[in-house]
Amino acid sequence: MRAGFILFLIVVALSKSFAQEADTLWIPGAKLIKNIRYGSANIRQTFDLYLPENVSKPVPVIIWIHGGGWNNGTKKNMHVDGMLQHGYAIASVDYRFTRDTIFPAQVKDCNAAIDLLWKSAGKYNLDTSRFIIAGASAGGHLATLIGMSSNNHRQEFYPFSIKNNPVHFQAVINYYGVTDLYVLHGSGLSFDVDDDNSMISRLLGASSLKRPDLAKWASGTTYIDKNDPPALTIHGGKDSTSPLWLGQLFTNLLQVSGVKNDILILPEAPHAGPLFSQANVLEKVLSFLKEVTESKQIKE
């Protein structure tokens with residue numbers, strides 16, 4: 001009986017270890033610090049940090065938020081791993097799913113991870129003047145929401161007092177994110193947005209049609225103003241989950257508000273997929289960040 005119990009404990013320990021390994025992407029040439037814990041309420045409250053090797057000065061960091069309908073996906077799913085070879089660190093964040101708790105828990109988790117990363121910048125040799133937030137799909141929603149609301153002082157989006165919150169972002173990179181939950185309705189997509197069991201309804205705790213106030217509150221477009229960080233949107237022309245017009249709406253709202261922005265449309269790309277990890281996409285991200293950096297230096 002005792003031997004059987006010990007074997008059971010070993011199996012449980014191994015399964016937990018495997019689960020942690022399975023959601024970590026191994027990037028060649030990276031110094032990896034995996035499963036850095038930023039919260040204690042859920043096993044998913046961790047992030048992986050990838051650092052370029054043999055770097056003496058502080059490096060910029062891309063904070064990556066994965067997609068998965070706010071209820072699936074892992075921190076190993078990312079489009080920005082190629083940025084490491086260009087001198088960028090990458091912090092890939094996991095967060096609680098809608099099966100665990102509803103909004104704004106997901107944005108609170110990401111802000112908690114960012115806060116820890118900011119406070120640990122000296123330890124990891126990160127450049128706090130070059131914090132970039134990025135994400136895809138549901139992660140694009142969270143990245144744009146965090147980036148656009150960071151100067152709006154929404155205490156509900158943080159698990160700590162933001163009275164003296166120093167975090168600011170150099171740029172936002174949005175891969176086909178659902179940037180506006182308020183205007184997205186109907187059954188013409190790959191899912192019925194207004195169904196009580198849709199991924200958006202599970203996020204908000206009610207459909208956006210029934211609770212437009214919640215949908216507005218949870219949309220990055222709501223918080224756009226002239227003081228927001230520059231944003232690059234990358235979107236597929238054949239996206240049937242987060243339609244292209246959402247990306248265009250986001251960039252046009254930024255444009256009329258005087259925020260520097262750009263959009264890269266991949267005409268044949270669906271929602272997600274390998275087309276978003278191609279060399280031309282990486283080149284666009286690099287050129288946009290270079291342009292942002294140079295324009296900031298001119299202003300200063």
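Every number here is computed from the coordinates shown, using simple stated rules; none is lab data. Just so you know, these numbers come straight off a predicted model, no measurement behind them. Cβ: placed from backbone, ideal geometry, glycine included. Neighbour counts: every protein chain shown.
Return a whole-number percent for the relative contact order of the chain, with Cα pairs under 8 Å and 6 or more residues apart as the contact set.
Working: 585 pairs, mean separation 43.2, N = 300.
Over the chain, the number comes to 14 percent.
Extending each Cα 7 Å along its Cβ direction at D127 and K216, get the distance between those two points in nm, one decimal.
4.0 nm
Excluding same-chain residues fewer than 8 positions from K57, which lysines have a Cα within less than 23 Å of its Cα?
Hits, sequence-local ones excluded: K31, K34, K119, K123, K290, K296.
Would you compute the Debye intensity of the stretch 136-193 from its alpha-carbon atoms alone, equal scatterers and no solvent, and pass along log10 I(q)/I(0) at q = 0.13, 0.15 Å⁻¹ to two decimals?
Once normalised to I(0) and log-transformed, intensities are -0.43, -0.55.
Would you mind computing the Rg to Rh ratio of the stretch 182-224 from its alpha-carbon coordinates, Kirkwood style for Rh?
0.96
Expressed in nm to one decimal, what extension gain is obtained for the pair D225 and I265 from 0.36 nm per residue of sequence separation less their Cα-Cα distance?
Value of the extension gain: 12.0 nm.
Just the ratio, please: alpha-carbon radius of gyration of the stretch 72-137 over 2.2 N^0.38 Å, N its number of residues.
Working: Rg = 13.1 Å, N = 66, 2.2 N^0.38 = 10.8 Å.
This ratio for the stretch 72-137 stands at 1.21.
Report ³J(HN,Hα) in whole Hz for each residue of the stretch 128-134, in order, from the Karplus equation J = 6.51 cos²θ - 1.76 cosθ + 1.60 where θ = phi - 60°; Gly and Pro get x.
Result, ordered by residue: 5, 7, 9, 8, 10, 10, 8 Hz.
With the crude spin-label approximation of a point 7 Å out along Cα→Cβ, what separation in nm comes out for I43 versus K238?
Here the answer is 3.7 nm between the modelled labels.
Could you pull out every residue, at least 5 positions away or on a different chain, whose amide H is within less than 5 Å of the one on L266? Hs are placed 1.01 Å off N in the peptide plane, and Pro or chain starts have none.
H235, G236, G237
What are the ³J(HN,Hα) values, in whole Hz, obtained from phi via the Karplus relation 6.51 cos²θ - 1.76 cosθ + 1.60 with θ = phi - 60°, for each residue of the stretch 165-175 in sequence order, with x given for Gly and Pro?
The phi angles translate into 5, x, 5, 9, 10, 6, 6, 10, 10, 10, 8 Hz.
Per the helix-only calculation at 222 nm, which mean residue ellipticity applies to the chain, given -39500 (n - 2.57) for every DSSP H run of n ≥ 4 and division by its residues, nearest 500 deg cm²/dmol? Numbers along the way, then the final one.
Numbers: 8 runs with 98 residues, N = 300.
Roughly -10000 deg cm²/dmol at 222 nm, from the helical runs in the chain.
Find, to one decimal place in angstroms, the Kirkwood hydrodynamic radius of the stretch 218-273, where the mean of 1/r is taken over every pair of different Cα atoms and then inverted.
This gives a value of 11.7 Å.
Can you work out ³J(HN,Hα) from phi for every residue in the stretch 83-99, in order, using Karplus 6.51 cos²θ - 1.76 cosθ + 1.60 and θ = phi - 60°, giving whole Hz and x for Gly and Pro?
5, 4, 6, 9, x, 9, 7, 10, 10, 9, 9, 9, 8, 5, 8, 5, 5
Whose amide H sits under 5 Å from the amide H of N174, counting only residues 5 or more places off or on another chain, with H placed in the peptide plane?
Those lying under 5 Å, H to H, from N174 are L232, T233, I234.
Across 5 Å bins from 0, what is the distribution of all Cα-Cα pair distances for the stretch 18-142, in whole percents?
P(r) for the stretch 18-142, in whole percents per bin: 2, 12, 24, 25, 20, 11, 5, 1, 0.
Just to be sure I understand the curve: with the Debye formula and one point per C-alpha of the stretch 53-211, what is log10 I(q)/I(0) at q = 0.10, 0.11, 0.17 Å⁻¹?
-0.37, -0.45, -0.99
Work out, step by step, the length gained on full extension between W26 and Y182: first 0.36 nm times the residue separation, then minus their alpha carbon distance; give nm to one decimal. Let's see the in-between values first.
On the way: separation 156, 0.36 × 156 = 56.16 nm, distance 3.74 nm.
Length difference between fully extended and current span is 52.4 nm.
Say a paramagnetic label sat at a point 7 Å from the Cα of F160, along Cα to Cβ; which residues of the stretch 87-121 have their backbone N under 13 Å from it?
109-121
Taking Cα atoms of the chain, Rg/Rh with Kirkwood Rh, to two decimals?
0.98
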